[in-house]
Amino acid sequence: MNHLWSTILAGLLALTAAVPTTVTAPPAAGAPAARATTDRAPAGGAVAGRAPLGGPATVTQVEVLSVRGAGPYRIGARLDRLAAAGLIDWTAPGCAGVVHAGATGAWAGKIMLAFRFGRLVSVGTATVPPRSPAGASVGMSFADLERIYGRRGALIRNDAGDAEAYLVRFGSRAELFTSHPIRSGVGYYEAGIASYVESGFRHPSC
């Protein structure tokens, strides 16, 4: 993803994540207690969002974004199939065969998707969580990343010499942490196919 797109998308994710939540105040003293209700378990005996008896929790996790993807958004997945499954909220055409898209469900507002010729090539975020499998995230300094990755990662600059990022290669895939447009440190974390993630930063085509 080129530097301009990552800046724009980071802003969009930050705005989405800023939606306030409503907290219900506790009942006043002397107020009658609400009548207790019983959850009806669906077939199979599990209640949505609750762990079955003796089993693990079923709440969807949005903690990790890796070079394999995030949750149901796996690198290499087809855009049309994800859309048919209700996993795509919106799409926006880019250039050079790239389409940017938003996620749904628990991942909505947390990640941004990039498809090239109909296949998922990158998942990025401007929020925390998610984090990388090693624990790196948006908001960290590049020095923090160097302590986490050691010799596995390296600071790189784009061809124009006006942007800096931290790159970690995993064979044909890569993690890329780009700088924040205003403050120092990481503003956007992206993982996926190296030929898209790294090349898009070093020499963006548009």
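The values are calculated or read from the model by the stated rules, or taken from the named source; none is laboratory data. Here the structure is a predicted model, which is why all the values come from computation and not from measurement. No Cβ is skipped: glycine too gets one built from the backbone with ideal geometry, and neighbour counts run over all protein chains shown.
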Residues that are over 13 Å from the mean Cα position of the chain (by Cα) and small (Gly, Ala, Ser), drawn from the range 73-112 = GLY76, ALA77, ALA83, ALA84, ALA85, GLY86, ALA92, GLY94, ALA96, GLY97
Does GLY161 satisfy the condition of being under 15 Å from GLY200 (Cβ atoms) and either part of a loop (DSSP other than H, G, I, E, B) or not acidic (Asp, Glu) (or both)?
-> no
Cross-chain or 6+ apart pairs with Cβ under 8 Å, the range 182-206 first and over 25 Å from PRO129 (Cα atoms), then at pLDDT below 95 and of a type in the set (Lys, Arg) | none
Considering the range 115-138 alone, what residues qualify as being among the small types (Gly, Ala, Ser) and touching a helix residue (DSSP H, G or I) at 6+ places or on another chain (Cβ under 7 Å)?
-> GLY118, SER122, GLY124, ALA126, ALA134, GLY135, ALA136
Answer with yes or no whether PRO181 is closer than 20 Å to ARG116 by Cα, of a type outside the set (A, V, I, L, M) and either part of a loop (DSSP other than H, G, I, E, B) or touching an Asp or Glu at 6+ places or on another chain (Cβ under 7 Å) (or both).
-> no
Candidate set from the range 139-187 (those that are basic (Lys, Arg) and under 20 Å from the mean Cα position of the chain (by Cα)); member that is surrounded by the fewest Cβ atoms within 10 Å (Cβ to Cβ) | ARG169
Report whether or not ASP89 is part of a strand (DSSP E or B) and modelled with pLDDT of 95 or more.
-> yes
Can you tell me which of LEU167, LEU176, LEU155 is over 23 Å from LYS110 (Cα atoms), among the aliphatic types (A, V, I, L, M) and out of contact with any Ser or Thr (no Cβ under 7 Å at 6 or more places or on another chain)?
-> LEU155
Pick out the one residue from GLY49, GLY54, GLY94, GLY45 that is in contact with a helix residue (DSSP H, G or I) (Cβ under 8 Å, 6 or more places away or on another chain), at pLDDT below 95 and of a type outside the set (A, V, I, L, M).
-> GLY94
